[in-house]
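The values are calculated or read from the model by the stated rules, or taken from the named source; none is laboratory data. These figures come from a predicted structure and were not determined experimentally. With ideal geometry, Cβ positions are generated from the backbone for all residues, glycine too; neighbour counts draw on all protein chains shown. Ligands, DNA and RNA are excluded from the accessible area calculation, which covers all protein heavy atoms including side chains. Shrake-Rupley method; radii C 1.70, N 1.55, O 1.52, S 1.80 Å.
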Amino acid sequence: MRNKTRFRELDGILLLDKPQGLSSNQALQRVRHLFGARKAGHTGSLDPLATGLLPICFGEATKIAGGLLGARKAYDTVARLGVVTDTDDAEGQVLRERPVPPLDIPTLDAALSALTGRILQRPPIYSALKQGGEPLYAKARRGEAVHVEPREVDVHAFELRATDDLLDQLLGSEKPRLLRLHVECGSGTYVRSLVRDLGESLGCGAHVTVLRRLWVDPFRDPRMWTLQELEALAARGRHSLDACLLPLEQGMVAWAAVEVSDPQARRLGHGQDLTGPFEPEGEVAILDRSGRALGLGLVDGQGRLHPRRLFSWACAQPAMAPSPG
């Protein structure tokens, strides 16, 4: 009989190397049970086909997960030309096959360039986007007609890294036409849709066969941990696992930092605004004088600092008499 997990309060960020074949939620639950974390969330789903960086936020780190979800990301992907599937990846059913026309590097570069920048993109019908409170993939699996409106997304880079003649070790005898591509994009961009649209622009269709997330801002050079590595560390005890965690401050470098004094921190912890003036305007990371993160706040147009999502330790400050901000 499997031992029941004893959960604990745990704060920090784990950079997981998600394996192929697991959904992001399945990977999250595996990791959560290994660490015994009472509260956990991930910052942006990866398809079961995909591997690579999946930041896992434990405890108070879940309060900054939304900011990480909207961060810039990078992927390597392999596209198979000439075959269209209903999911736009290799896990779907083949809808049609078409011959691949003769292609050269200038033609490929022009097609990639047309899909770079601020573009309109139609998300896959097999996606976690919701209509009427239900994920699109649930409707698609029931055979319902699904209409998805195009939306604007940011594609910062869409580049050719190799063609199929450089991928012979992956091909076997049939030699499908493959392209290895590099993508850097903003929140809400689907690599599957980019590959699908690239295939259509080339006149043959395409789908994703390999997808790996390389990094997510601010983790540009991540030390990722595989499930196998984490399981081996768990056998030594949870203190070994805890050494894999990053502090919350490392996940907050994308926000402008505002430093507050101890008396100001106590006022924020009791829900009071600070007059400042503080800058810059907008959402900011609030730090104490020692550099410890207290949470997220908002600086308004008058330079006032408003507490928004404070960490538990910031809200546990002892009460004091009101004083000027």
Only Lys, Arg (+1) and Asp, Glu (-1) charged, at Cβ; segment 27-120 dipole about Cα centre in debye: 620 debye
Formal net charge of residues neighbouring ARG223 (Cβ-Cβ distance under 13 Å; K, R +1; D, E -1): -2
Option label - Kirkwood radius over Cα pairs in Å computed here, alternatives [x] 24.9; [y] 21.1; [z] 22.2: [z]
Net charge of neighbours whose Cβ lies under 15 Å from the Cβ of ALA285, counting Lys and Arg as +1 and Asp and Glu as -1: -3
THR51 accessible area, assembled protein chains, probe 1.4 Å, Å²: 30 Å²
With at most 15 neighbouring Cβ atoms within 10 Å, loop trypsin sites (Lys or Arg not before Pro) (DSSP) excluded, longest segment of the chain: 40-141
Helical contribution to [θ] at 222 nm, DSSP H n ≥ 4, -39,500 (n - 2.57), averaged over the chain, rounded to 500: -5500 deg cm²/dmol
HIS239, HIS270, reordered so the largest accessible area comes first (probe 1.4 Å): HIS239, HIS270
Under-5 Å amide H pairs with ASP89, H placed in peptide plane, nonlocal only: VAL208
Estimated vicinal HN-Hα couplings, Hz - segment 78-91 in sequence order (Karplus 6.51, -1.76, 1.60; Gly, Pro = x): 10, 9, 9, 7, x, 9, 10, 10, 6, 9, 6, 9, 6, 8
Which of THR226, THR43 is most accessible, then next, and so on - probe 1.4 Å: THR226, THR43
Note, ³J(HN,Hα) from phi for segment 92-97, Karplus 6.51, -1.76, 1.60, rounded to Hz, x at Gly and Pro: x, 7, 5, 8, 6, 10
For ARG236, net neighbour charge (Lys/Arg +1, Asp/Glu -1) across residues whose Cβ lies under 13 Å away: -2
With at most 14 other Cβ atoms within 10 Å, longest stretch of the chain clear of loop GluC sites (Glu not before Pro) (DSSP): 10-143
Two-site label geometry, HIS182 and ARG151: point separation in nm, points 7 Å out along Cα→Cβ: 2.8 nm
Label point distance in nm, ALA235-ARG6, each placed 7 Å from Cα along Cα→Cβ: 2.1 nm
The chain, dipole about Cα centre (Lys/Arg Cβ +1, Asp/Glu Cβ -1), debye to the nearest 20: 1300 debye
